[in-house]
Structures are given as C-alpha cells and as structure tokens.
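Undergrad: This is the structure, below, for whatever I ask next.
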Amino acid sequence: MCALEPGWLPQLERREEWVRTARFPPRGPILVVAPHPDDESLGCGGLIAAAVRRGERVHTVFVTDGGASHRNSASWTRTRLAARREAEAIEALKRLGAEQSPRSFLGLPDADMPSPNSSAYRIAKAHMVSILRYLSPAFAIIPWRRDPHCDHRDSWSLVMDSLSAADHSCEVLEYAIWLDELGLPEDRPRPIEMEILRFDISDVVDAKKHAVRAHRSQLGQLILDDPSAFVLSDRTIERLTGPEEVYWRPCVRE
C-alpha cells in the first residue's frame, strides 16, 4: 500500500483504538468511485471539494447509469433518466469546484451490474484499469464492501479486481451510504478489519450540500408520475451532510 503523506497520518481521537481523526484531505492523485450519480456528493463531496481546492488531481468514476430509480414513470424512460442523471452528476461536480477535473461514466445498468464473466464486465474493468494506469492514484475512495446495496458491493469488487489487474497499490478508503439505515450487524466493519477515519469537512460542507441538491431527479422535485420511485429522504441527506465524513481503511497487521 502507498504510504500516507507525513503529517496526514491520523491522530488518536477516542479510547477506541480503531477510531481516528485524520488531517484532511489526503495528498496525491485521488480516484473517487461512485456506484450511482449522487453517491459522489453524498459520500465524498467534502473530500472532493477540499482536494480540488488544494490542487490535487481527482478523477471521479460513475459505475452505473442510475436509470432504475423511476421504473414506473411513463414520461421518463430509462435512457432519458440516465442522461439526466449524468447531467446532474456533472453539475454536482461543478458545485464542488471539480468542473475541470476528469470524470468517467462506465454506464453499467443500475441495479443490474453484469457478472464478472460477462463481456460488459470485462469492458468496464478494462476502462477502470486504464484510468488507474494513467492516474496512478495515491488514494482510491470506494464504496464500503458490505454497504447494503448490490451496486455498491459490486462496485467495490470491480475496483478491487481492477487494482489487481493494473498491478497498482494505493491507500484504499471506503465509505458507506446505506449501512446506518439498512445494514445488518454483520455488514458493519469490525475493529480487527478496519480503522475508522473521520474528516472535518466544515470548511466545505456548504459546497457538499449544494452538490447534493444538484441531483433533483432523486429529490422528488422533477419526476412526478411514479409514486413508487426512489427518493432521497431528508433524514438520509441530513445524516450524510454533517460536518464530518467517515471513511474506513483496511487494517494492516504485521
């Protein structure tokens, strides 16, 4: 694994040895992986905003097209919605100050990611490997491996598979979106498995909130003909837009 920048190493925050406060943001090229458009803002918007303000290279990869959130809408086909969600993601990155930063949309089907033995998976993996080789990230910010959503778990697997194929080692930090609301006890990280890093994002939290609001299709403000559609709740948004962001780093034991 890549060594952390001196001075960024986390300082002990509590008695629990596995909970630490880290200086923010990390230094060096950063790969951010979002399973859907909006996860980049909800999970890592503060990190993205702070990193680009400091001049770090940040490349954001959106794994799925987000087109399954309104399956029963007559006015918004899946293709139309996927295009809308890509536009919202671009606007969100602009609000985070990352409009000039590279981004990639793999375009895999929302809620139906391909199996590892499929041609679609191999194409997505090749794209991810090419990004890793050109960016050579010091940090990969990826979904929590047991986040209770199939696309989040599959995105984690895709990134780890791609890191291996690219023969690239870097610090991996994982973030959860749905764990606190939908997770089972066995989904949570264990002290012997992960170290918790807490980042103070108070300087950029307003930009993060502004970026979340760019995802209007997920806020119940745009598509009104599907009462069964997914909508981000106020509770979820409030939970994920506080003054801290939390990441997990795999423990390295001698």
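Residues are listed down the side, and each one gets a yes or a no for (1) out of contact with any Asp or Glu (no Cβ under 8 Å at 6 or more places or on another chain); (2) free of Cβ contacts under 8 Å to residues at least 12 places away in the same chain; (3) within 16 Å of residue 247 (Cα to Cα):
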residue: 163; (1), (2), (3): yes, no, no
residue: 167; (1), (2), (3): yes, yes, no
residue: 172; (1), (2), (3): yes, no, yes
residue: 184; (1), (2), (3): yes, no, no
residue: 188; (1), (2), (3): yes, no, yes
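Undergrad: Under 9 Å by Cβ, and 6 or more places apart or on different chains, what pairs join a residue from the range 98-114 that is in contact (Cβ under 8 Å) with a residue 40 or more places away in the chain and among the small types (Gly, Ala, Ser) with one that is surrounded by 16 or more Cβ atoms within 10 Å (Cβ to Cβ) and assigned to a loop (DSSP other than H, G, I, E, B)?
TA: 101/57; 107/65; 111/67; 111/68; 111/69; 111/149
Undergrad: Then there's this: Only one of 175, 134 is of a type in the set (Ser, Thr, Tyr), modelled with pLDDT of 95 or more and in contact with a strand residue (DSSP E or B) (Cβ under 8 Å, 6 or more places away or on another chain); which? First the steps, then the outcome.
TA: Working: 134 fails: in contact with a strand residue (DSSP E or B) (Cβ under 8 Å, 6 or more places away or on another chain).
Every option except 175 fails the conditions.
The values are calculated or read from the model by the stated rules, or taken from the named source; none is laboratory data. Model, not experiment: these values are computed from the prediction. Neighbour counts are summed over all protein chains in view; Cβ atoms, including those assigned to glycine, are modelled from backbone coordinates with ideal geometry.
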